[in-house]
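Engineer: If you scroll down you'll find the structure; I have some questions about it.
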Amino acid sequence: MALVIGLSGCSLDTEMTGAALTQDQYDKLPGTAEGSVLGLYSMLYRSTSEHHYFGQKSIDMATDILSGDMAMTANAYGWFTDSEQQQCASMTAGRNSYIWSYYYTIILNANQAIRTFVALEDNRTAEQSAALAQCLTMRAYCYFNLAHLYSPGLTDTETGDYFLGNTGLDYLCVPIYNENSATNDTTGLVKEQQVASTRDVYLQVESDLVWAVDLFKSSGFQRSSKLHVNEDIANAYLAYTYLQSQQYDSAYVFAKRVIDAGNFEILPYENLTTTGFTDQNDPSWMWGLDVTIETTTQLASFWGHIDIHTYSYALAGATKAIDDELYKEIPETDGRINWFDKTKKYIPDWKFYDKARGVRSDEVDRRWLNDIVFMRIEEMYLVGAEAAARAGKDAEAKELLKALLAERDETVMATVDGMSNDELISNLYYNWRVEMFGEGRALMTFKRFGGTKMRGNNHFYKPGEQMQAVDPSNPVLLFIIPYGEYTNNLANNELKK
């Protein structure tokens, strides 16, 4: 396992210059099957010496800030300042390079494992088939995130999809590397790949996840912890992929498949401000990490940056909060209004805080052992409802939205049946933004719904300024292929014309 995790320092840039294992070398590593999967999971929470790079949750936080829904209330310590100042997506931005390397390192290691498992063909054991399914799901998860970060997204607005002469699904997005990618005859390393369209990336994601679901079923896989992906996670990312690519009927079907499996429950109203966001055993959590002494990243962690009751940067003044313009949209009847403290610049003092620790102002968590969530069942209700509404199936959309609002705002729930399609979609946009605050969905949501919004006055950068989701003249929300990849990957000459 340690050998496989050690590969995580590689990126595609270094791979092309030989600083990676060949497939033959990889196949000779001891314990490759189990180590491959565990090595991929370790990347989800691995931190670096820079305390705003700590795996997936650092990307979630950075993109929520970039979207404007999460406000940095002060410029302290410098962490995440690039996101607040909308400078993290450019070709030369350090965070852009980190995100690129993070996802492609997982892809690189997943591909090596997938090649090994595929070569076994009919001789695979059930355990090996389950490992293959997990590797495929993790690869799909990476490409899904790359697709929504490195493309402008698909919106229903006329100005929504135009960049560099490509529109919508034809936008040249990112290169695709899979187990079938050709290798260099001299080095044995994977050859550089041309940048692919957003359509092709989503097709790769779909193919991986469909294959993974079949393998999860045939192998009878039962995960030992919620850190492991499984059939539910694969189906959930299929639902997300179909939503993002505007295949709304399929998005609804797969979201309902996860819901109807009955393995997870919406966080109930009475738990909104208790421990619903600190423990991976919560019934609403589909995918998450049980943070232990071995896996904690201490100061450089989601909790360290979001929770003023955790000994780290938020406590020291670098607070993050809900955009106060968004906060103003929350009615008093919505239980989620209690997540945010308006006396402290609207920080999420009761969403990301363990009430069991007490409420004394001097009580500080110095263990950094609160768990972190990657996906909740509430997302599937939102995906399914939005997909149904966009497909003109208002009855189905309203059923799912009411199920969520029954545990959030019964007053608004009572009005759902009378909503027009436009009102329904508008309400879903609101629920995406509030329900998923701080969980890494804000940028994707903003780009999908399109339009404009006003930055609140609790941002230290450009308070009160208007933001446009997809702006060809100033694409600050669109990640551009990093400079290192742009210059070193000779296969991408198409981008250089």
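The values are calculated or read from the model by the stated rules, or taken from the named source; none is laboratory data. Owing to the predicted nature of the structure, the values given are computational and were not obtained by experimental measurement. Using ideal geometry, Cβ is built from the backbone for each residue, glycine included, and neighbour counts are taken over all protein chains shown. The protein model used for the area step is the full one, side chains on, heavy atoms only, and it has no ligands, DNA or RNA in it. Shrake-Rupley method; radii C 1.70, N 1.55, O 1.52, S 1.80 Å.
Engineer: Could you count how many residues in the stretch 201-222 are surrounded by 18 or more Cβ atoms within 10 Å (Cβ to Cβ) and either acidic (Asp, Glu) or over 16 Å from residue 238 (Cα atoms) (or both)? Spell out the reasoning first.
Structural biologist: Here is the first cut: in the stretch 201-222, the ones surrounded by 18 or more Cβ atoms within 10 Å (Cβ to Cβ) are 201-202, 204-206, 208-209, 212-213, 215-216, 219, 221.
Now narrow it down to the ones that are either acidic (Asp, Glu) or over 16 Å from residue 238 (Cα atoms) (or both): 206, 208, 219, 221.
The number of residues fulfilling the criteria is 4.
Engineer: Follow-up question, since we're still on this one. Would you point out the residue of the stretch 175-217, among those that are at pLDDT below 95, in contact with a Ser or Thr (Cβ under 6 Å, 6 or more places away or on another chain) and not in a loop (DSSP other than H, G, I, E, B), that is nearest to residue 287 (Cα to Cα)?
Structural biologist: Only one residue fits best here, namely 198.
Engineer: Let me ask something else about it. Kindly provide the set of residues from the stretch 218-238 that are within 27 Å of residue 388 (Cα to Cα) and in a helix (DSSP H, G or I), ordered by number.
Structural biologist: Listed by number, the residues that qualify are 231, 232, 233, 234, 235, 236, 237, 238.
Engineer: Among the candidates 75, 96, which residue alone is open to solvent by 30 Å² or more (accessible area, probe 1.4 Å), among the polar types (S, T, N, Q) and either in contact (Cβ under 8 Å) with a residue 24 or more places away in the chain or outside any helix (DSSP H, G or I) (or both)? Spell out how you get there, then give the answer.
Structural biologist: Numbers: 96 fails: open to solvent by 30 Å² or more (accessible area, probe 1.4 Å).
The conditions single out 75.
Engineer: Run down 295, 274 and say which single residue is within 26 Å of residue 71 (Cα to Cα) and surrounded by fewer than 22 Cβ atoms within 10 Å (Cβ to Cβ). Can you show your working first?
Structural biologist: Details: 295 fails: within 26 Å of residue 71 (Cα to Cα).
Among 295, 274, only 274 is within 26 Å of residue 71 (Cα to Cα) and surrounded by fewer than 22 Cβ atoms within 10 Å (Cβ to Cβ).
Engineer: Can you tell me how many residues within the stretch 215-229 are touching a helix residue (DSSP H, G or I) at 6+ places or on another chain (Cβ under 8 Å) and in contact (Cβ under 8 Å) with a residue 40 or more places away in the chain?
Structural biologist: Pass one, the stretch 215-229, residues touching a helix residue (DSSP H, G or I) at 6+ places or on another chain (Cβ under 8 Å): 215-221, 227-229.
From what is left, the residues that are in contact (Cβ under 8 Å) with a residue 40 or more places away in the chain are 215-216, 218-221, 227-229.
Of the residues in the stretch 215-229, 9 are touching a helix residue (DSSP H, G or I) at 6+ places or on another chain (Cβ under 8 Å) and in contact (Cβ under 8 Å) with a residue 40 or more places away in the chain.
Engineer: While we're here: Please go through the stretch 379-397 and give me each residue that is open to solvent by 10 Å² or more (accessible area, probe 1.4 Å) and either without any contact (Cβ under 8 Å) to a residue 40 or more places away in the chain or in a helix (DSSP H, G or I) (or both), ordered by number.
Structural biologist: Passing the criteria: 381, 390, 392, 394, 395, 396.
Engineer: Right, another one. Before we move on, is residue 375 in contact (Cβ under 8 Å) with a residue 12 or more places away in the chain, assigned to a strand (DSSP E or B), out of contact with any Ser or Thr (no Cβ under 9 Å at 6 or more places or on another chain) and open to solvent by less than 10 Å² (accessible area, probe 1.4 Å)?
Structural biologist: Values: in contact (Cβ under 8 Å) with a residue 12 or more places away in the chain: yes; assigned to a strand (DSSP E or B): yes; out of contact with any Ser or Thr (no Cβ under 9 Å at 6 or more places or on another chain): yes; open to solvent by less than 10 Å² (accessible area, probe 1.4 Å): yes.
The answer is yes for residue 375.
Engineer: Moving on to the next point. Quick one: count up the residues across the stretch 78-93 that are in contact (Cβ under 8 Å) with a residue 40 or more places away in the chain, surrounded by 20 or more Cβ atoms within 10 Å (Cβ to Cβ) and either hydroxyl-bearing (Ser, Thr, Tyr) or part of a helix (DSSP H, G or I) (or both).
Structural biologist: Number satisfying all stated conditions: 1.
Engineer: Now for a separate question. Failed condition for residue 160, given (1) small (Gly, Ala, Ser); (2) closer than 19 Å to residue 448 by Cβ; (3) open to solvent by less than 10 Å² (accessible area, probe 1.4 Å); (4) at pLDDT 95 or above, with all others met?
Structural biologist: Status for residue 160: all satisfied but (4).
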